[in-house]
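Structure first, commentary second.
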Ligand code: NI
């Protein structure tokens with residue numbers, strides 16, 4: 001981490017009051033930490049847009065009884081083996097499974113993998129949560 005720098009920010013009073021309300025709801029103890037998080041959030045989004053290396057998690061909810069579904073999901077994951085660093089399978093109930101797939105690679109690849117998995121018939125819900133490798137923020 002670099003040296004700490006202080007700077008002033010001019011804000012409309014209404015906007016500042018809304019910001020203070022929001023950060024109280026989010027349990028921030030001070031404005032500085034909330035500002036830092038907002039800036040980091042934007043830096044991470046910029047990394048995704050530049051197709052930089054990201055880390056992320058794909059979650060899938062599916063009914064494992066659906067014909068061929070599990071095989072299709074496996075095939076896709078083998079095709080994208082290079083960016084999958086780990087996966088976890090949880091049996092939610094008699095029918096439903098939760099799969100969590102950790103990925104590390106370009107944001108474009110991660111998005112393609114998530115889209116391929118989500119579009120398989122029988123997948124009830126899928127999400128991709130992208131984060132940063134932490135190297136550049
Ligand atoms: Ni299962």
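Let me have the 222 nm mean residue ellipticity of the chain computed from DSSP H runs of 4+ only, each contributing -39500 (n - 2.57), with the sum over all residues rounded to the nearest 500. Don't skip to the end; give the middle numbers.
Details: 4 runs with 55 residues, N = 137.
After summing the helix terms and dividing by residue count, I get -13000 deg cm²/dmol.
With a/c under 1.5 counting as rounded, go ahead and sort the chain into rounded, prolate or oblate using the C-alpha gyration tensor (a ≥ b ≥ c being the square roots of the eigenvalues; past the cut-off, prolate if a/b is larger than b/c, else oblate). Present the calculation step by step, with values, prior to reporting the outcome.
Values: a/c = 3.27, a/b = 2.04, b/c = 1.60.
In terms of gyration-tensor shape, prolate.
Nearest 10 degrees is fine. How inclined is helix 107-118 to the longest principal axis of the chain, computing both from alpha carbons?
Between the helix axis and the principal axis of the chain, the angle is about 50 degrees.
Going by Cα centres, segment 1-46 and segment 47-62 are how many Å apart?
If we compute the Cα centre of each part, the gap is 25 Å.
Rounded, prolate or oblate, given the Cα gyration tensor of segment 53-132, with a/c below 1.5 counting as rounded? Please report the intermediate quantities before stating the final value.
Values: a/c = 2.08, a/b = 1.71, b/c = 1.21.
Prolate shape, in that a/c is at least 1.5 and a/b is the bigger ratio.
Relative to the longest principal Cα axis of the chain, at what angle does helix 69-79 sit, 0 to 90 degrees, rounded to 10?
Approximately 60 degrees, to the nearest ten.
If you line up the long axis of helix 31-49 against the longest principal axis of the chain, both from Cα atoms, how many degrees apart are they, to the nearest 10?
That helix lies at roughly 40 degrees to the long axis.
Just want to confirm a number: the relative contact order over the chain, from Cα pairs under 8 angstrom separated by 6+ residues, in percent.
Relative contact order comes out at 31 percent.
Only the coordinates and a few stated rules stand behind these numbers; no lab work does. None of the values given here were measured: they were computed from a predicted structure.
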